[in-house]
Amino acid sequence: MPSCPETTSIGSLMIAPRRDWALFLDIDGTLLEIAPRPDAVRVPGGLTKTLTRASRWLGGALALASGRTLAEIDHLMAPLRPPCLAEHGAMVRFPNGAIAVAGADRVVPAPWRLELRMATREWAGVLVEEKTHGVAVHFRLAPEREAEVRDLVTAAVARDPVNFEVLPARMAFEIRHRGLTKALAVNSLMPLSPFAGRTPVFIGDDVTDEDGFRAAKAMGGLGLNVKEAFDGEPAKVRRWLESFASKPPR
């Protein structure tokens, strides 16, 4: 059995990291504090070094899983280029650097995107975030628009509810293909070295992470909600990572 560091109390959960884990980490609300706009997040100094050390301690079995685009992930985490899932599974970067991209049939249709932009162009504080495959409409700066934003994205998806769905997020609603979920991070990477044979542990903060939780648990692993395990504070997640990233590598 791999040796474990001493158990540390972080938030309301007592948990000791283990060397036989495969760690999957959400970004916004988990590693980084939520910002008013997606492009306004702040990456704390030293985070990428902490992630690098944590990955080494885990033998390389650390991956990121985000709704952000791959380009955004790489910009935020530069110079780190870990295995990762982007846009809820539209793109997966494997340990060898290869990238798998979901097909065009899983892209939110262009007419829907145009309709969202046109309908919200005069809604101050509402942001339409277009991604390669999906699209999110943020209302954090205009909370009074929540019902209108929900109705707008729901009407769009009603044209093809078999293939697409509305995903509620923190002060946003996102349209994604039903086949793209964060479970793909676990299911795609766990069969591969250095993840294979380990216990998957998925950490996230939002409804978008629940598919990852379920996938990890289905393989005998853990799904840790930041609200419950770390008092809803990304700073505590980072501090927890530092507590075992400082351990010597294998």
Among the numbered criteria (1) within 30 Å of G220 (Cα to Cα); (2) assigned to a strand (DSSP E or B), which one does F173 miss? (1)
Being out of contact with any His (no Cβ under 7 Å at 6 or more places or on another chain) and surrounded by 13 or more Cβ atoms within 10 Å (Cβ to Cβ) narrows it down to one of R42, R56, so name that one. R56
Complete set of residues in the range 13-41 that are part of a loop (DSSP other than H, G, I, E, B) and of a type in the set (G, A, S): A16, G29, A35
In the range 192-210, how many are buried (at least 19 other Cβ atoms within 10 Å of the Cβ) and farther than 21 Å from P82 by Cα? 1
Counting only residues in the range 105-121 that are of a type in the set (A, V, I, L, M) and open to solvent by less than 80 Å² (accessible area, probe 1.4 Å), the one farthest from the chain's Cα centre (by Cα) is identified as A119
Which condition breaks for A169 when tested against (1) of a type in the set (G, A, S); (2) open to solvent by less than 40 Å² (accessible area, probe 1.4 Å); (3) out of contact with any Lys or Arg (no Cβ under 7 Å at 6 or more places or on another chain); (4) more than 27 Å from E233 (Cα to Cα)? (4)
Qualifying position, being surrounded by fewer than 16 Cβ atoms within 10 Å (Cβ to Cβ) and part of a strand (DSSP E or B), among A100, A71, A136, A124: A100
Looking at (1) closer than 24 Å to K227 by Cα; (2) in contact with a Pro (Cβ under 8 Å, 6 or more places away or on another chain); (3) polar (S, T, N, Q), find the lone condition where S193 falls short. (1)
If we scan the range 181-191, do we find a residue that is under 27 Å from G45 (Cα atoms), open to solvent by 10 Å² or more (accessible area, probe 1.4 Å) and part of a helix (DSSP H, G or I)? no
Looking at (1) touching a strand residue (DSSP E or B) at 6+ places or on another chain (Cβ under 7 Å); (2) surrounded by 15 or more Cβ atoms within 10 Å (Cβ to Cβ); (3) not β-branched (V, I, T), which one does R178 not meet, given that it meets all the others? (2)
Applying the selection to the range 197-208, what residues are out of contact with any Leu (no Cβ under 9 Å at 6 or more places or on another chain) and at pLDDT 95 or above? G197
What pairs can you find where one residue is in the range 45-65 and farther than 20 Å from R93 by Cα, the other is acidic (D, E) and part of a helix (DSSP H, G or I), and their Cβ atoms are less than 8 Å apart, with a gap of 6+ or different chains? T50/E242
When you scan the range 139-165, how many residues do you find that are in a loop (DSSP other than H, G, I, E, B) and either open to solvent by 50 Å² or more (accessible area, probe 1.4 Å) or not aromatic (F, W, Y) (or both)? 9
Scan of the range 79-96 for residues that are more than 21 Å from A183 (Cβ to Cβ) and open to solvent by less than 40 Å² (accessible area, probe 1.4 Å), ordered by number: L80
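The values are calculated or read from the model by the stated rules, or taken from the named source; none is laboratory data. Bear in mind the structure is a predicted one, so any value in this text is a computation, not a measurement. Virtual Cβ from ideal backbone geometry, glycine too; neighbours counted across all protein chains shown. Surface accessibility is based on the protein's heavy atoms, side chains included, excluding ligands, DNA and RNA. Shrake-Rupley method; radii C 1.70, N 1.55, O 1.52, S 1.80 Å.
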